[in-house]
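Everything on this sheet refers to the single structure shown next.
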Amino acid sequence: GAVVSQHPSRVICKSGTSVKIECRSLDFQATTMFWYRQFPKQSLMLMATSNEGSKATYEQGVEKDKFLINHASLTLSTLTVTSAHPEDSSFYICSATTGWGQPQHFGDGTRLSIL
Amino acid sequence: QQQVKQSPQSLIVQKGGISIINCAYENTAFDYFPWYQQFPGKGPALLIAIRPDVSEKKEGRFTISFNKSAKQFSLHIMDSQPGDSATYFCAASGIGANNLFFGTGTRLTVIP
């Protein structure tokens, strides 16, 4: 149980392209989803928190116009990296939870490489 | 400011040995302390978690020890196996909150 699927697992694209990453909770309804960024050999850095049907809450320093988050249903959240540049290359990971005080379950991440 | 401090940064243990990873926190509002295991190229997987009302929780070879007064908690992996080689993250979240504050991670290597 508690499976979170993230797609695609890897993206390589040219600078200036916009990239969309999907995060789905397969066997539970996720009232809250989180998006993290992880650099090599480093910890997870929370980018934003999204609740179904409402605007995402971004962490300090994260550009909301750069990283568009949509949480349209209880099982799907998307992260769109707009006009991506090489410095946006990273490992992006989503997680989902059923509610307050419940465990976060993580997807397998998306390796984004911008050329 | 790092909300959760984790040590050591890396750990090498012989097969069959005990792996111990330590974490400390300052925020007394934290009430949920999970441990995650992450393999290269994968997302973190929830391993075991504890709340402050107990001092120890055991699941198979994995045990969390929790010291509320010292604001410290640790992960013990008994009979460590090469398949346990991964990066381990401790984390904490507060009462009524969902946000997890992660430690910096410990890269565990279990040698045969």
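The values are calculated or read from the model by the stated rules, or taken from the named source; none is laboratory data. Computed from a predicted structure; not experimentally measured. Neighbour counts are summed over all protein chains in view; Cβ atoms, including those assigned to glycine, are modelled from backbone coordinates with ideal geometry. Surface areas here come from the heavy atoms of the whole protein model, side chains and all, with no ligands, DNA or RNA. Shrake-Rupley method; radii C 1.70, N 1.55, O 1.52, S 1.80 Å.
Points to keep in mind about this one:
- In Hz, Karplus ³J(HN,Hα) per residue of segment A:19-28 (6.51, -1.76, 1.60; θ = phi - 60°; x = Gly, Pro): 10, 10, 10, 9, 10, 10, 8, 7, 10, 7
- For the set A:HIS7, B:HIS76, A:HIS71, the ranking by accessible area, highest first and with no ligand, DNA or RNA atoms included, is A:HIS7, B:HIS76, A:HIS71 under a 1.4 Å probe.
- Local net charge near A:MET47, Cβ-Cβ under 12 Å (Lys/Arg +1, Asp/Glu -1): 0
- Loop-located trypsin sites (Lys or Arg not before Pro) across segment A:24-91 with a Cβ neighbour count of 12 or fewer within 10 Å are A:LYS41, A:LYS55, with loop assigned by DSSP.
- Rotationally averaged projected area of the protein assembly as shown (alpha carbon convex hull; nm²): 12.3 nm²
- Inter-label distance for B:THR28 and B:ASP53, nm, one decimal - labels placed 7 Å from Cα along Cα-to-Cβ: 2.0 nm
- 10 Å beta-carbon shell around B:ASP84, net charge (K/R +1, D/E -1): +1
- Sparsely packed chymotrypsin sites (Phe, Trp or Tyr not before Pro) within segment A:19-115, loop by DSSP, other Cβ within 10 Å at most 15: A:TRP100
- With pairing defined as another cysteine C-beta under 4.7 Å, the cysteines of chain A that fail it are A:CYS13.
- Alpha-carbon Rg with Dmax, taken over segment A:1-77, Å: 13.1, 38
- Pairwise burial A:B, computed as accessible area of each alone minus the pair, summed, 1.4 Å, Å²: 1600 Å²
- Scaled radius of gyration (Cα, divided by 2.2 N^0.38 Å) that segment B:1-63 gives: 1.25
- Summing Cβ point charges (Lys, Arg +1; Asp, Glu -1) relative to the Cα centre of chain A gives a dipole of roughly 220 debye.
- Accessible area (Å², per residue) of the protein assembly as shown, counting only protein heavy atoms and a probe of 1.4 Å: 49 Å²
- The convex hull built on the alpha-carbon positions of chain B has an orientation-averaged projected area of 6.8 nm².
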